Amino acid sequence: MKQKLVQGMIGLEIHCYLNTREKLFCTCIASRERGLAPNTLICPTCTGQPGAKPRAPNLEAVRKAVQIALVLGCTVNARMPWIRKHYAWPDLPKGYQMTLSGTGATPLGVKGTFQGIEISEMHLEEDPASWEPTTGNVDYNRSGLPLVEIVTAPDFSTGEEVQAWLGKLVHHLTYLKAIDANAGIKVDVNINIPGVSKRVEIKNVNSIDEIGKAIAFEFERQAREGGNVEETRRWDAVKGKTSVMRSKETAADYRFIADPDIPVLELVSSFVHDIRTALPASPDATRAKLVKQYKLSSSDAQLLASDIDLVTFFEQVAQEVDGAFAAPWVTVELLRFLNYHKVSLEKVNIQPAHFSALLQFVQRGKLTPLKAKEILNSWYPQSSMPSVAESTIRDEKQLLSFITSVLHAHPKAVSDYKAGEVKALDFLMGAVMKASAKRADYTLARKLLLQALSKV
Ligand SMILES: [Zn+2]
């Protein structure tokens with residue numbers, strides 16, 4: 001029997017880490033890496049010590065938050081007071097979190113739409129520390145990292161819709177280089193079945209996969225149990241169920257007040273305008289452009305457009321070399337190289353100029369594709385200008401000398417070929433290429449090899 005699909009209303013509050021160099025209100029390095037030694041990237045400000053004053057908010061964080069607001073189609077507000085959101089918890093040394101949200105706040109962006117879902121607001125805030133409830137240990141490395149929170153209207157009906165939409169959101173924001181996708185996202189899910197249950201908030205679900213499972217569980221639970229109180233629940237990924245954390249806070253519990261230390265954040269219109277003009281094209285627009293402008297197949301375009309670094313690299317190369325010729329070199333050879341070294345393009349220094357020069361040598365027949373691949377393989381961790389001294393050998397005399405020595409060295413392969421074994425020809429051709437240090441013109445060498453074999 002097919003299970004009845006439970007639907008309802010789902011809204012999201014999504015927290016993403018901005019990939020800034022420094023924290024929001026101090027100059028501590030903002031590292032989102034896991035496994036760092038605890039409490040090594042801290043200072044009096046981000047550990048909330050008495051008398052420590054915050055610096056003016058990190059401009060890089062403000063700029064990236066504005067980029068995100070614009071991509072979400074939000075109206076960007078011009079004047080925003082920083083708000084202290086109070087709560088007592090071991091992860092919050094000051095006793096309050098600095099945010100652009102809450103009672104008396106003006107969020108950074110409002111009234112947006114992204115991929116058919118209404119964005120109620122988005123804002124910038126600082127992350128609290130991480131607190132390990134079983135040991136009581138607190139690690140302040142994360143304390144003060146800039147986060148954006150994106151709040152959607154309850155426009156989703158199913159977990160599948162949420163998952164597909166979140167995938168697109170993360171991809172777009174990674175494309176902007178505004179968020180650190182490796183640091184993951186934290187999502188609070190507001191969910192209820194109209195007429196059956198009141199709104200429940202599931203706190204801190206931290207992967208797109210888990211969000212789908214948490215929503216499926218909660219719909220099923222609410223359909224079965226109903227529910228006439230608003231409450232906050234916790235998702236237990238191991239047990240695969242939600243449980244009650246607390247009844248929902250009201251806004252008054254947070255005692256929101258404007259921060260007296262930091263001036264109101266004012267965004268002049270030219271600042272927002274300049275960010276808007278410099279926004280990169282969306283992944284969808286980029287894919288369409290690759291097909292139209294460079295005549296790429298839709299699968300190559302899809303692959304390139306999935307990674308902003310890869311597509312930027314390709315477009316730089318395609319200024320020098322025909323795009324259709326360059327595409328497989330990037331989508332097959334360069335990716336093979338990166339996979340082999342288990343790195344992203346960002347982490348190696350492969351210069352587009354060197355890559356273009358390599359491809360131009362191949363196009364003009366000065367390098368064999370095989371030799372070019374060998375040169376590419378040597379470009380770890382950085383590339384260098386390829387040399388024409390490594391040119392293709394087309395001199396028949398020189399090629400014949402390789403062929404003669406190969407035939408001498410492999411009499412068994414020669415007799416196999418004569419006996420009708422076609423594979424022996426591949427073997428001999430491989431030996432000729434090897435003898436020439438992969439520089440022999442393949443077509444010419446093969447022709448000469450066949451001629452030589454016919455005379456044996
Ligand atoms: Zn600090």
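Some observations on this one:
- Options Ile257, Ile308: the member that is hydrophobic (A, V, I, L, M, F, W, C) and not assigned by TED's automatic domain parsing to the domain that holds Leu376: Ile257
- Among the residues making up the range 109-128, a single one is touching a residue at least 60 places away in the same chain (Cβ under 8 Å) and assigned to a loop (DSSP other than H, G, I, E, B): Asp127.
- Condition check for Asp259: open to solvent by less than 70 Å² (accessible area, probe 1.4 Å) and of a type in the set (D, E, K, R): yes
- Residue in the range 345-360 that is open to solvent by 30 Å² or more (accessible area, probe 1.4 Å) and farther than 30 Å from Ala178 by Cα present: yes
- Where Ala181 falls short, out of the listed (1) surrounded by fewer than 17 Cβ atoms within 10 Å (Cβ to Cβ); (2) over 16 Å from Leu18 (Cβ atoms): (2)
- Of the criteria (1) of a type in the set (S, T, N, Q); (2) farther than 24 Å from Leu265 by Cβ; (3) open to solvent by less than 30 Å² (accessible area, probe 1.4 Å); (4) in contact with a strand residue (DSSP E or B) (Cβ under 8 Å, 6 or more places away or on another chain), which one Ser31 fails: (4)
- Screening the range 302-393 for helices (runs of 4 or more DSSP H) wholly inside it with 3 or more residues that are closer than 26 Å to Lys292 by Cα returns the ranges 308-317, 323-328, 352-363.
- Members of the range 16-29 found to be outside any strand (DSSP E or B), touching a residue at least 60 places away in the same chain (Cβ under 8 Å) and either more than 9 Å from the ligand (Cβ to nearest atom) or polar (S, T, N, Q) (or both), listed by number: Asn19, Thr20, Leu24
- Gly104 vs. criteria modelled with pLDDT under 95, over 25 Å from the mean Cα position of the chain (by Cα), among the small types (Gly, Ala, Ser) and away from the ligand (no atom under 16 Å from the Cβ): yes
- Scanning the range 54-91 for residues that are closer than 30 Å to Thr135 by Cα and over 29 Å from the mean Cα position of the chain (by Cα) yields a count of 8.
- Test for Ile42: is it within 30 Å of His171 (Cβ to Cβ) and β-branched (Val, Ile, Thr): no
- Checking each residue in the range 44-75 for being of a type in the set (A, V, I, L, M, F, W, C) and open to solvent by 30 Å² or more (accessible area, probe 1.4 Å) picks out Ala52, Ala56, Leu59, Val71.
- Within the range 129-154, if we keep just the residues that are more than 22 Å from the chain's Cα centre (by Cα) and assigned to a strand (DSSP E or B), the residue that is farthest from the ligand (Cβ to nearest atom) turns out to be Trp131.
- Residues that are within 14 Å of the ligand (Cβ to nearest atom) and farther than 18 Å from Glu266 by Cβ within the range 52-82 comprise Ala52, Lys53, listed in sequence order.
- Just so you know, in the range 50-83 the residues that are at pLDDT below 95 and among the basic types (Lys, Arg) include one that is nearest to Leu18 (Cα to Cα), and it is Arg55.
- Condition check for Val272: assigned to a helix (DSSP H, G or I), open to solvent by less than 50 Å² (accessible area, probe 1.4 Å) and in the same structural domain as His171 (by TED's automatic domain parsing): yes
- Qualifying residue in the range 155-164 (condition: more than 16 Å from the ligand (Cβ to nearest atom) and closer than 29 Å to Tyr87 by Cα): no
- Residue list for the range 30-51, filter: hydrophobic (A, V, I, L, M, F, W, C) and either within 14 Å of the ligand (Cβ to nearest atom) or touching a residue at least 12 places away in the same chain (Cβ under 8 Å) (or both): Ala30, Leu36, Leu41, Ile42, Cys43, Cys46
The values are calculated or read from the model by the stated rules, or taken from the named source; none is laboratory data. This is a predicted model, so every value here is computed, not measured. Every residue, glycine among them, receives a Cβ derived from its backbone with ideal geometry; neighbour counts consider all protein chains shown. SASA here: full protein model, heavy atoms, side chains in, ligands and nucleic acids out. Shrake-Rupley method; radii C 1.70, N 1.55, O 1.52, S 1.80 Å.
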